[in-house]
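These notes are about the structure you will find just below.
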Amino acid sequence: NAGVTQTPKFQVLKTGQSMTLQCAQDMNHEYMSWYRQDPGMGLRLIHYSVGAGITDQGEVPNGYNVSRSTTEDFPLRLLSAAPSQTSVYFCASSYSINYEQYFGPGTRLTVT
Amino acid sequence: GQSLEQPSEVTAVEGAIVQINCTYQTSGFYGLSWYQQHDGGAPTFLSYNALDGLEETGRFSSFLSRSDSYGYLLLQELQMKDSASYFCAVGGYQKVTFGTGTKLQVIP
């Protein structure tokens with residue numbers, strides 16, 4: 001099993017550009033989530049999904065969109081990148097919301 | 001909403017025992033988890049408490065008191081490789097909220 005995979009590992013964007021961060025898991029987990037991590041601020045929930053076709057907002061959803069068309073994939077779209085979105089982004093999956101979460105390796109995003 | 005408090009930094013000696021505390025406020029509580037993260041790495045799961053009491057996994061133990069909205073992570077026989085950040089996380093209805101993390105430095 002590959003677990004949770006994320007691409008790309010690193011990305012530099014200019015302000016106003018859009019892009020999609022990819023996340024996939026092969027553990028047949030229903031629950032998937034996206035977090036951003038900034039220095040001294042822990043992990044903040046952006047969006048989450050409790051199953052294919054079902055998504056909802058987390059703590060910091062502004063500027064991001066998600067969709068969940070399959071159990072395996074949960075892409076995160078940045079609509080118009082801003083310097084405030086410079087961060088490390090982690091995707092995670094779990095059997096259920098309060099079970100052990102498995103994290104991907106992260107995407108380090110810089111917006112200039 | 002949910003909020004968690006944990007110390008920002010802790011320093012301990014190799015071979016010793018260290019306790020990292022976590023207090024939380026939440027409108028709905030399903031359990032308290034602990035994660036470890038090394039610099040540049042991804043968080044990895046350590047333990048989960050849904051009920052009051054102590055859970056032990058090797059050198060790591062985690063405790064929960066729901067009446068006090070309090071938990072802690074206990075690391076025994078500290079090793080240099082335990083130097084990392086440790087996050088507590090509260091599970092609520094459909095969401096998990098993470099604390100800001102405790103950076104543990106293990107010194108010789």
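The values are calculated or read from the model by the stated rules, or taken from the named source; none is laboratory data. Please read these numbers as outputs of a predicted model, since none were measured by experiment. Reconstructed Cβ throughout: ideal geometry from the backbone, glycine too, with neighbour counts over all protein chains shown.
If I filter segment A:60-81 for residues that are surrounded by fewer than 21 Cβ atoms within 10 Å (Cβ to Cβ), within 25 Å of B:SER47 (Cβ to Cβ), under 15 Å from the mean Cα position of the chain (by Cα) and not small (Gly, Ala, Ser), do I get at least one hit? There is no residue in segment A:60-81 that is surrounded by fewer than 21 Cβ atoms within 10 Å (Cβ to Cβ), within 25 Å of B:SER47 (Cβ to Cβ), under 15 Å from the mean Cα position of the chain (by Cα) and not small (Gly, Ala, Ser).
The residue that is farthest from A:TYR48 (Cα to Cα), counting only those in segment B:98-108 that are within 14 Å of chain A (Cβ to nearest Cβ) and not in a strand (DSSP E or B), is B:GLY101. Considering segment B:30-43, and only residues there that are facing chain A (nearest Cβ under 10 Å) and part of a loop (DSSP other than H, G, I, E, B), the residue that is farthest from the chain's Cα centre (by Cα) turns out to be B:GLY40. Using the structure shown, decide if A:SER84 is closer than 30 Å to B:LEU104 by Cα and at the interface with chain B (Cβ under 10 Å from one of its Cβ atoms). No.
Scanning segment A:21-49 for residues that are closer than 17 Å to B:ALA42 by Cα and out of contact with any strand residue (DSSP E or B) (no Cβ under 7 Å at 6 or more places or on another chain) turns up A:PRO39, A:GLY40, A:MET41.
Based on this model, can you work out whether A:ARG36 counts as free of Cβ contacts under 8 Å to residues at least 60 places away in the same chain and under 25 Å from B:LYS103 (Cα atoms)? Here the answer is yes, as A:ARG36 does meet what is asked. Give all pairs with beta carbons closer than 6 Å in which a residue from segment B:77-97 that is within 14 Å of chain A (Cβ to nearest Cβ) and polar (S, T, N, Q) meets a residue that is surrounded by fewer than 20 Cβ atoms within 10 Å (Cβ to Cβ) and assigned to a loop (DSSP other than H, G, I, E, B); count only pairs at least 6 apart in sequence or on separate chains. Within 6 Å, the pairs are B:GLN94/A:ILE97. So, A:TYR48, is that one free of Cβ contacts under 8 Å to residues at least 60 places away in the same chain and in contact with a His (Cβ under 7 Å, 6 or more places away or on another chain) or not? When the stated conditions are applied, A:TYR48 does not pass them. Scanning segment B:62-81 for residues that are farther than 16 Å from B:GLY31 by Cβ and crowded, with 20+ Cβ neighbours inside 10 Å yields one hit, B:LEU75. Residues of segment A:89-112 that are under 16 Å from A:THR5 (Cβ atoms) and either β-branched (Val, Ile, Thr) or away from chain B (no Cβ under 14 Å) (or both): A:THR107 alone. Just one of the numbered conditions (1) more than 9 Å from every other protein chain (Cβ to nearest Cβ); (2) within 14 Å of the chain's Cα centre (by Cα); (3) at pLDDT 95 or above is not true of B:THR57: (3).
Scanning segment A:63-112 for residues that are of a type outside the set (Val, Ile, Thr), part of a loop (DSSP other than H, G, I, E, B) and under 19 Å from A:GLY40 (Cβ atoms) returns a single hit, A:GLY106. Taken over segment A:61-105, the residue count meeting the criterion of being hydroxyl-bearing (Ser, Thr, Tyr) and either touching a Leu at 6+ places or on another chain (Cβ under 9 Å) or under 22 Å from B:GLY31 (Cα atoms) (or both) is 10. Would you confirm whether any residue within segment B:62-70 is touching a Pro at 6+ places or on another chain (Cβ under 9 Å) and either within 12 Å of chain A (Cβ to nearest Cβ) or assigned to a strand (DSSP E or B) (or both)? Among the residues of segment B:62-70, not one is touching a Pro at 6+ places or on another chain (Cβ under 9 Å) and either within 12 Å of chain A (Cβ to nearest Cβ) or assigned to a strand (DSSP E or B) (or both), which makes the answer no.
Residues in segment A:11-40 that are over 23 Å from A:ALA52 (Cβ atoms), within 12 Å of chain B (Cβ to nearest Cβ) and part of a loop (DSSP other than H, G, I, E, B): A:ASP38, A:PRO39, A:GLY40.
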